[in-house]
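Student: One structure is given below, represented as structure tokens, and several questions about it will come after.
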Amino acid sequence: MMGVKSDSISSNMQINKTELGHIIIGAAIVDDILGLFILAILTTMLSEGGAPSIGELGLLAAKIIGFFLFVFIGLVLQIIFSQI
């Protein structure tokens, strides 16, 4: 996961002020999301002893997307209320 890495890179190298820095951080976020999805699939396979169905995968994807939307909305609200 890139949480600690992105903070140290962006503060030390000021990479968050460049377009390349935004691309790198965005790719790291996508990589983390895909990693969480794969981890959840593997955990499901180990606990149930078989491959999850398409419906279970869809529900899992909806939960992951919902979580990240919830976090995004929280960040947007924090920005809005910090400007008041």
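The values are calculated or read from the model by the stated rules, or taken from the named source; none is laboratory data. Bear in mind that the values here come from a model prediction, so they are computed numbers and not experimental data. Here Cβ is always computed from backbone atoms with ideal geometry, including for glycine, and neighbour counts include all displayed protein chains.
Student: Return only the number of the condition from (1) part of a helix (DSSP H, G or I); (2) surrounded by 11 or more Cβ atoms within 10 Å (Cβ to Cβ) that ILE80 does not satisfy.
Tutor: (2)
Student: I'd like to know if the stretch 8-19 contains one or more residues that are exposed (fewer than 12 other Cβ atoms within 10 Å of the Cβ), in a helix (DSSP H, G or I) and modelled with pLDDT of 80 or more. I'd like the intermediate steps shown before the answer.
Tutor: Initially, the stretch 8-19 is screened for residues exposed (fewer than 12 other Cβ atoms within 10 Å of the Cβ), giving 8, 11-14, 17-19.
Then keep just the ones that are in a helix (DSSP H, G or I); that gives 8, 11-13, 17, 19.
Subset that is modelled with pLDDT of 80 or more: 19.
Yes, that holds for at least one residue.
Student: If you don't mind, another one. Does LEU57 satisfy the criteria of being modelled with pLDDT of 85 or more and hydrophobic (A, V, I, L, M, F, W, C)?
Tutor: Values: modelled with pLDDT of 85 or more: no; hydrophobic (A, V, I, L, M, F, W, C): yes.
For LEU57, the condition - modelled with pLDDT of 85 or more and hydrophobic (A, V, I, L, M, F, W, C) - is not met.
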